[in-house]
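Read through the structure below, which is laid out as structure tokens, and then see the notes.
The values are calculated or read from the model by the stated rules, or taken from the named source; none is laboratory data. On a predicted model such as this, the values are computed, not experimentally measured, just so you know. Glycine gets a Cβ as well: all are built from the backbone with ideal geometry, and neighbour counts include every protein chain shown. Each accessible area value is taken on the protein alone, full model and side chains, heavy atoms only, with ligands, DNA and RNA left out. Shrake-Rupley method; radii C 1.70, N 1.55, O 1.52, S 1.80 Å.
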Amino acid sequence: MIFQASFYKSKKLLLIEDCEPVRASIKGMLQQIGFDNITTVADATQAMPLAKKDSFDFILADFDLGSGKDALQFFTDLSQQAILRVGCCFILMSAEPRRMPVLGLLQGAPDAFILKPFSYVELEKRLAKAWNNRVKLRKAYQALQQQDYKTAQLELDPVINAVNSSSLPALRLMAEVLMADHSYSAALKLYEQVSQQREFSWAMLGQAVALLQLEEHKAAESRLLALVEQDDARPEALEWLCCLYLRQANLEQAGQQLAELMKLASISLVAHKANGCIMLLNGQQDGSSKYWQKQIQQYRFSAFDQADYYFALTRIQLEQAQRAPRQEFSARLKKASDTLALMPQKLVNEGTEAELTVLRAMLSLLQGNIAEAQQQLEQVLTDYNPADPESIVDIARLAFALGDMKQADACLAKLKDFKPAKADLTGECQRLTAQYLLQQEQQLRGQIRQWNQAGMEQAQAGDNGQALTLLRQAFVFMPCNAGLVLNLLQTLTQLPADKALKPLAKSAMTALEFSTKSVANQQRLAQLLPQLPELYLD
């Protein structure tokens with residue numbers, strides 16, 4: 001053995017294996033190696049709370065873990081939620097060769113892979129090698145947790161120059177650190193130097209990504225197209241090709257690459273959100289609605305269920321309700337309410353609760369519960385700083401509808417200046433979405449003015465039915481504007497009393513209570529109230 005049994009005796013290990021006899025066999029090997037503190041579970045669902053609670057030194061996980069998430073997906077969750085501590089070694093096991101991520105050391109990658117069946121001697125070698133590498137790179141990873149890229153580079157230099165088994169992982173990590181630090185030319189040079197010695201897929205993909213960030217699109221495209229033909233780099237190459245084409249505003253080609261990617265990664269949230277982004281940019285609202293419904297039906301109650309699926313569908317259904325004819329409004333609004341209510345409680349957490357509250361507030365507003373909507377907005381604004389364009393627009397629309405123009409304009413300014421955290425597929429989708437949504441919000445404000453103006457023109461021309469249709473459409477998007485509400489009430493005074501119009505009249509009267517009214521508005525209201533049918537006032 002490389003390390004003495006006493007070394008392992010003090011270490012904590014989490015073993016994840018769905019087959020009970022195999023789990024017992026591997027546990028026996030680990031005990032033979034020297035481990036005393038071994039926790040065993042059958043799947044990622046059981047492992048997650050343990051990983052959150054305990055600080056393990058090693059996690060040994062079988063790739064296939066039944067119907068839930070596999071070990072690589074579990075590792076990704078640990079990394080994204082910052083649960084995996086810097087000193088922990090994550091080792092994958094499998095009975096067949098598995099493709100490992102080509103890029104991603106910066107976010108963390110499994111430390112080792114071991115092919116089943118194996119002996120306890122072989123297992124110990126993998127554990128010891130992973131531990132040695134982790135120890136040598138630990139300070140670099142600690143610096144990266146603080147996004148201190150300069151210190152990380154200083155820590156990596158001596159490991160690279162030592163020319164030992166840890167030098168290549170350190171060199172690979174150094175290139176990704178340079179990329180994260182926006183030193184794309186230096187990263188490209190490093191990737192090229194590695195490729196001259198040996199054509200590692202990670203180095204070739206790194207070259208392509210560096211070229212893309214340097215806006216050398218033709219060279220990047222050429223390399224990525226070549227990498228698509230290589231099985232070990234195909235998913236990443238397709239993802240970056242999609243990113244490249246989106247950056248060039250070539251939605252058709254981006255969609256083609258994304259379709260190929262989703263054949264390989266059908267459960268990827270990044271891929272699904274990119275697909276939703278392309279549908280949004282193409283104006284395919286109905287298609288997008290069906291797409292998110294399909295994702296919810298397919299993954300509901302599974303390990304792959306995502307709050308984003310429910311949020312995306314609710315947003316679409318809310319806008320469809322707002323733009324629907326008066327007779328369809330309630331039914332469509334109920335669809336949005338039902339979608340949000342479908343979201344399992346397990347998906348409600350610190351990362352989703354604020355957005356859930358914003359969407360509930362919009363539902364409350366459209367249902368006529370303006371006081372509740374205001375309270376929910378105030379609750380969210382105290383400590384919520386949305387990081388994605390869709391969430392920023394949700395607050396902008398809610399604030400605008402409630403008459404808080406200062407907050408609404410601040411959100412649009414934030415949208416205008418939006419810069420993604422990363423220059424990858426997710427970041428590119430966010431950039432394009434921010435541009436698109438900003439344009440849509442600006443157009444909506446213009447539309448509201450046009451509906452209001454055209455409504456009053458129709459009223460003056462004697463077509464009060466058409467006037468009501470136009471003014472109601474503006475009111476649905478901007479209910480707390482006193483002038484607009486008074487125009488709507490004035491039109492209602494010119495039409496016969498109708499039970500079907502009573503909910504609209506009641507909503508308008510409620511909205512007036514929460515609208516800022518000038519002296520002229522108050523005088524106009526006093527004149528209109530006696531003219532309104534008693535049906536609307538009781």
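Each row is one residue, and each column tells you yes or no for (1) touching a helix residue (DSSP H, G or I) at 6+ places or on another chain (Cβ under 7 Å); (2) open to solvent by less than 30 Å² (accessible area, probe 1.4 Å); (3) free of Cβ contacts under 8 Å to residues at least 60 places away in the same chain; (4) part of a loop (DSSP other than H, G, I, E, B).
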| residue | (1), (2), (3), (4) |
| --- | --- |
| Leu468 | yes, yes, yes, no |
| Leu486 | yes, yes, yes, no |
| Gln490 | yes, no, yes, no |
| Ala497 | yes, no, yes, yes |
| Leu504 | yes, yes, no, no |
| Lys517 | yes, no, yes, yes |
| Gln527 | no, no, yes, no |
| Asp538 | no, no, yes, yes |
Discussion item. Given the condition farther than 30 Å from Gln146 by Cα and either assigned to a helix (DSSP H, G or I) or of a type in the set (Ser, Thr, Tyr) (or both), answer yes or no: does some residue in region 51-66 qualify?
Written reply: no
Condition met for Glu441 (of a type in the set (Asp, Glu), part of a helix (DSSP H, G or I) and more than 19 Å from Phe400 (Cβ to Cβ)) | no
Taking region 263-322 and the residues there that are charged (D, E, K, R) and closer than 23 Å to Val393 by Cα, the one that is surrounded by the fewest Cβ atoms within 10 Å (Cβ to Cβ) would be Asp286
Quick one: is Lys69 in a helix (DSSP H, G or I), out of contact with any Lys or Arg (no Cβ under 9 Å at 6 or more places or on another chain), basic (Lys, Arg) and closer than 18 Å to Leu92 by Cβ? no
Going residue by residue through region 316-324, is there one that turns out to be assigned to a loop (DSSP other than H, G, I, E, B), in contact (Cβ under 8 Å) with a residue 12 or more places away in the chain and of a type in the set (S, T, N, Q)?
no
Here the qualifying pairs (Cβ atoms under 6 Å; residues six or more apart or on different chains; first in region 380-406 and over 20 Å from Gln439 (Cα atoms) and touching a residue at least 24 places away in the same chain (Cβ under 8 Å); second open to solvent by less than 10 Å² (accessible area, probe 1.4 Å) and part of a helix (DSSP H, G or I)) come out as Val380/Val358
Restricting attention to region 13-50, the residues that are open to solvent by 60 Å² or more (accessible area, probe 1.4 Å) and part of a strand (DSSP E or B) number exactly 1
Restricted to region 163-221 and to residues being assigned to a helix (DSSP H, G or I) and of a type in the set (Ser, Thr, Tyr), the residue most open to solvent (accessible area, probe 1.4 Å) is Ser185
- Task: Kindly establish whether Lys273 is within 19 Å of Ile316 (Cβ to Cβ) and either out of contact with any Pro (no Cβ under 8 Å at 6 or more places or on another chain) or part of a loop (DSSP other than H, G, I, E, B) (or both).
- Result: yes
Has region 247-257 got any residue that is at pLDDT 95 or above, in a helix (DSSP H, G or I) and crowded, with 23+ Cβ neighbours inside 10 Å? yes
Restricting region 222-238 to residues that are not acidic (Asp, Glu) and not in a helix (DSSP H, G or I), the one least open to solvent (accessible area, probe 1.4 Å) turns out to be Ala233
Can you confirm whether region 418-425 contains a residue that is touching a residue at least 40 places away in the same chain (Cβ under 8 Å) and open to solvent by less than 20 Å² (accessible area, probe 1.4 Å)? yes
From the option list Ser201, Ser195, Ser165, single residue qualifying as under 32 Å from the mean Cα position of the chain (by Cα) and among the small types (Gly, Ala, Ser) is Ser201
Being farther than 22 Å from Asn481 by Cβ, of a type outside the set (Val, Ile, Thr) and surrounded by 15 or more Cβ atoms within 10 Å (Cβ to Cβ): is that true of Gln379 here?
no
